Every structure is written in structure tokens, then in C-alpha cells.
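**Q** The following block contains the structure, expressed as C-alpha cells.
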Amino acid sequence: EIVQYATDIGLVSTITTNGTSSNRLVSDLKEAGLYVLGVSLDHWNEDICERLRRYEGIQAKQIEIINYAKEIDLKTYALTFLNPYVVNDGIDNLIKFVNSMDIPFGFCYPTKSSYNTYRLGGVISEMNSYDELEKSVHTILDMKKAGCEIATLGTYMEDILRFSRGLKPNY
């Protein structure tokens, strides 16, 4: 109902799912005017996906929803939280995995705060340093410039790097 309402008043809607939604729900959302579906995909390794989400078979469900959304011509991308697993194992592997499904890759960047409300895959402060995180952002930016399908804006990535260096973001 809320997607239909947004459509009726001229808004563009997007929803992110963990991948456990049904094909019927995705179809209903598209019919209501959903413009983009983001599917959280935490790692290319299905065992790590299961460990992070604590849901058996989660990656297979995510891939099923991605394929169904593409089948019904719904704009779709995979969204990843830059957690320590992805950062330490190499973000390039995840980008290649996502792009092999013929969809773009997007990511959420962790923030620094006194209280972490999002602990999927650990917290960045548990990493040896923020250097690995910065390397991942550079890798994403380089892969985007090389033609990989990455939905995250380059200016956003550049601002992440500015912020991590203690500089004021442009946007």
C-alpha cells in the first residue's frame, strides 16, 4: 500500500530486502510501482552468508529473488554492508560475483559512532585498522572506473575517503 501511495503522488520507491521475501510479494510491489529492488548480499561464499544472517540457505534465496526480479524486469542490484568479512576477503571477489549475475553492486559504508546499531559481520573497529576499509573503497572506485557495474556514486566513495582522513565531505 505504501509503494502504491508513493507511486500515486509521484515518488520513486526503492526497497531493500534480505532476500527472504516471496516472488509474489516482489511481483505485487512491482505492480504497485516499485522502481528498484535492492537485495542484501553479504558475501560470495554461501557458508559465510549463512553465518552472518543465521539463516540456512540465505544466499540461494537471495539469488532466487534477484533472478525473479530480473525476470519481471524490475531494476535490481545487490547491496552489501562493508563488514570485516568482505573487507578482509577482498571486495573485488564480491563485485565479480554480483556482476556475474548481470546486476550492479552497491554498498553501505559503516559509520563511526559510540554505539554500533548494525553488527552484521562484526564491527569495523574490530579490524586491525581502517586501512583495509580504505583499500576496499579504492578497489571499488577503481573497478567502477574500469567498467564494472557499481551503483554507488563515485562522489560518495570519494567523500568516504575524505571523511576517513578527517576531512570534510563535499556532499
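**Q** Which residue is nearest to Ala60 (Cα to Cα), if the candidates are limited to segment 2-21 and must be at pLDDT 95 or above and assigned to a loop (DSSP other than H, G, I, E, B)?
**A** So, considering only residues that are at pLDDT 95 or above and assigned to a loop (DSSP other than H, G, I, E, B), the one nearest to Ala60 (Cα to Cα) is Ser13.
Every residue, every condition in (1) open to solvent by 50 Å² or more (accessible area, probe 1.4 Å); (2) over 18 Å from His43 (Cβ atoms); (3) at pLDDT below 85; (4) not in a loop (DSSP other than H, G, I, E, B), yes or no:
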site	(1), (2), (3), (4)
Leu133	no, no, yes, yes
Val137	no, no, no, yes
Cys148	no, no, no, no
Ile160	no, yes, yes, yes
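**Q** Among the numbered criteria (1) touching a Ser or Thr at 6+ places or on another chain (Cβ under 9 Å); (2) touching a residue at least 12 places away in the same chain (Cβ under 8 Å), which one does Ile63 miss?
**A** Result: Ile63 passes all but (1).
**Q** Can you pull out every residue in segment 40-89 that is open to solvent by 10 Å² or more (accessible area, probe 1.4 Å) and in a strand (DSSP E or B)?
**A** Passing the criteria: Ser40, Lys75, Thr76, Tyr77, Leu79, Phe81.
**Q** Only one of Val26, Val98 is open to solvent by less than 20 Å² (accessible area, probe 1.4 Å), more than 28 Å from Gly154 (Cβ to Cβ) and of a type in the set (Val, Ile, Thr). Can you tell me which? Can you show your working first?
**A** Working: Val98 fails: more than 28 Å from Gly154 (Cβ to Cβ).
After applying the criteria, what remains is Val26.
**Q** Given the structure, is Ile95 in contact with a Phe, Trp or Tyr (Cβ under 7 Å, 6 or more places away or on another chain), among the hydrophobic types (A, V, I, L, M, F, W, C) and either closer than 27 Å to Pro169 by Cα or at pLDDT below 95 (or both)?
**A** Details: in contact with a Phe, Trp or Tyr (Cβ under 7 Å, 6 or more places away or on another chain): yes; among the hydrophobic types (A, V, I, L, M, F, W, C): yes; either closer than 27 Å to Pro169 by Cα or at pLDDT below 95 (or both): yes.
Here the answer is yes, as Ile95 does meet what is asked.
**Q** Checking the condition in a helix (DSSP H, G or I), open to solvent by 20 Å² or more (accessible area, probe 1.4 Å) and modelled with pLDDT under 90, which residue from Ser125, Ser113, Ser129 passes?
**A** Residue meeting the stated conditions: Ser125.
The values are calculated or read from the model by the stated rules, or taken from the named source; none is laboratory data. Please read these numbers as outputs of a predicted model, since none were measured by experiment. Positions of Cβ are backbone-derived with ideal geometry, glycine not excepted, and every protein chain shown enters the neighbour counts. For accessibility, only protein heavy atoms count, side chains too; no ligands or nucleic acids. Shrake-Rupley method; radii C 1.70, N 1.55, O 1.52, S 1.80 Å.
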